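The values are calculated or read from the model by the stated rules, or taken from the named source; none is laboratory data. This is a predicted model, so every value here is computed, not measured. All Cβ positions, glycine included, derive from the backbone under ideal geometry; neighbour counts span all protein chains shown. Ligands, DNA and RNA are excluded from the accessible area calculation, which covers all protein heavy atoms including side chains. Shrake-Rupley method; radii C 1.70, N 1.55, O 1.52, S 1.80 Å.
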Amino acid sequence: MSTPLFDLTGRTALITGSSKGIGFALAAGLAAAGARVVLNARDAGRLEQARAALAASGHDVRAVAFDVTDPQAVEAGVAEVEASVGPIDILVNNAGMQHRAPFAEFPVDAWRRLSATNIDSVFLVGRSVAQRMIPRGRGKIINICSVQSELGRPGIAPYAATKGAVKMLTKGMAIDLGRHGIQVNGLGPGYFKTELTQALVADAAFTDWLAKRTPAGRWGEVDELAGAAVFLASDASSFVNGHILYVDGGITASL
């Protein structure tokens with residue numbers, strides 16, 4: 001049965017940090033819904049491998065490498081996408097990183113890298129794309145938040161701070177851009193199996209704690225994020241703005 005509200009045919013989606021993990025899964029989900037996807041990362045070689053993998057599945061996919069923490073690189077990269085692929089209808093600000101250490105021992109350089117990658121990139125890419133969406137009077141921006149936008153854990157205070165900032169930046173962007181026909185929302189993953197979480201997945205004690213703490217009783221699989229991303233990218237969410245959609249197996253609902 002046709003579901004036109006969720007159909008992304010003819011729309012161009014730029015997904016940052018999409019050569020692997022959650023970003024790659026989101027790109028695959030948007031592509032399956034009909035979008036023309038543009039992958040982004042700094043590593044051009046790995047990015048091309050990701051592009052080829054999606055293209056082999058029959059999807060319309062391109063790749064543009066640039067550093068999302070560099071203002072000049074961002075502006076050049078977004079301009080290249082718009083010139084070579086087409087107007088960006090959907091932006092997914094997914095690029096992010098993690099660093100674990102006790103707060104009192106947390107390195108200053110790691111704090112700065114976290115802030116640049118997790119916060120600055122959302123501001124820089126979001127601003128550049130929004131400047132182009134505003135004259136068109138439409139657009140969808142999805143910022144990848146986290147359950148750590150709401151909850152803390154030992155050893156990741158700076159990461160939680162960055163994801164809390166992304167939550168509030170999302171709300172502020174929604175307020176400023178909503179009158180231009182642009183919806184800005186957040187997607188907050190819980191604990192998913194990715195390369196970044198592999199050490200935790202392999203930690204039997206942590207996995208046991210997570211299973212007990214999460215109502216779903218398990219880790220998430222990255223493909224389970226695709227439906228929420230398609231919803232936020234599609235006409236189905238035309239009156240949803242400034243919302244953070246947590247896909248977390250219920251962990252933020254449970255004490």
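Only helices enter the 222 nm calculation for the chain: every DSSP H run of n ≥ 4 contributes -39,500 (n - 2.57), and dividing by all residues gives -13000 deg cm²/dmol, rounded to 500. The accessible-area ordering, largest first, of the residues PHE24, PHE239, PHE206, PHE6 stands as PHE239, PHE6, PHE24, PHE206, per a 1.4 angstrom probe. SER84 exposes around 70 Å² of accessible area when a 1.4 Å probe is run over every protein chain in place. Full extension of the chain between LEU5 and GLU224 gives 76.9 nm of extra length, using 0.36 nm per residue less the Cα-Cα distance.
Summarising the label geometry, the points placed 7 Å from Cα in the beta-carbon direction at ASP235 and TRP209 lie 4.7 nm from one another. For LYS171, the lysines whose Cα falls under 19 Å of its own Cα, not counting residues fewer than eight places away in the same chain, are LYS140, LYS163. Extent of region 17-129 along its three principal axes (Cα atoms, max minus min coordinate, largest first): 49, 26, 24 Å. Put simply, the Cα atoms of region 136-255 extend 50, 27, 27 Å along their principal axes, the longest span coming first. Which angle between 0 and 90 degrees, to the nearest 10, do you get for helix 44-55 versus the longest principal axis of the chain when only C-alpha atoms count? Result, in degrees: 70. Using C-alpha pairs below 8 Å separated by at least 6 residues, the relative contact order for region 105-255 is 27 percent.
Here the Gaussian network model covers the chain, with springs between Cα atoms less than 10 Å apart; of LYS212, LYS20, LYS193, LYS212 fluctuates the most. With Cβ to Cβ distances under 14 Å as the rule, what net charge do the other residues near ILE134 carry (K, R +1; D, E -1)? Neighbourhood net charge equals +3. Taking every protein chain into account, the 1.4 Å probe leaves VAL125 with about 0 Å² of accessible area, to the nearest ten.
Taking the Cα centre of region 62-153 as origin and assigning +1 to Lys and Arg Cβ atoms and -1 to Asp and Glu Cβ atoms, the resulting dipole is close to 300 debye. In the chain, the longest principal axis of the Cα atoms and the axis of helix 157-177 are about 30 degrees apart. Taking amide H atoms as placed 1.01 Å from N in the peptide plane, the amide H of ALA63 lies under 5 Å from those of LEU39, each 5 or more residues away in sequence or on another chain. With the convex hull of its Cα atoms as the shape, the chain has an orientation-averaged projected area of 13.9 nm². Comparing ARG51, ARG62, ARG213 in a Gaussian network model of the chain where C-alpha atoms under 10 Å apart are linked, the largest mean-square fluctuation is found at ARG213. Take region 85-192 with all the other protein chains still there, run a 1.4 Å probe, and you get 40 Å² of accessible area per residue. How large is Rg/Rh for region 172-229, to two decimals, with Cα atoms and a Kirkwood Rh? Answer for region 172-229: 1.18.
The magnitude of the dipole of the chain, with charges of +1 and -1 set on the Cβ of Lys/Arg and Asp/Glu and taken from the Cα centre, is near 340 debye. Extension gain, GLU75 to LYS193: 0.36 nm times the residue separation minus the Cα-Cα distance gives 39.3 nm. Would you work out the charge dipole size for region 101-220 about its Cα centre, treating the Cβ of every Lys and Arg as +1 and the Cβ of every Asp and Glu as -1, and quote it to the nearest 20 debye? That gives a dipole near 620 debye.
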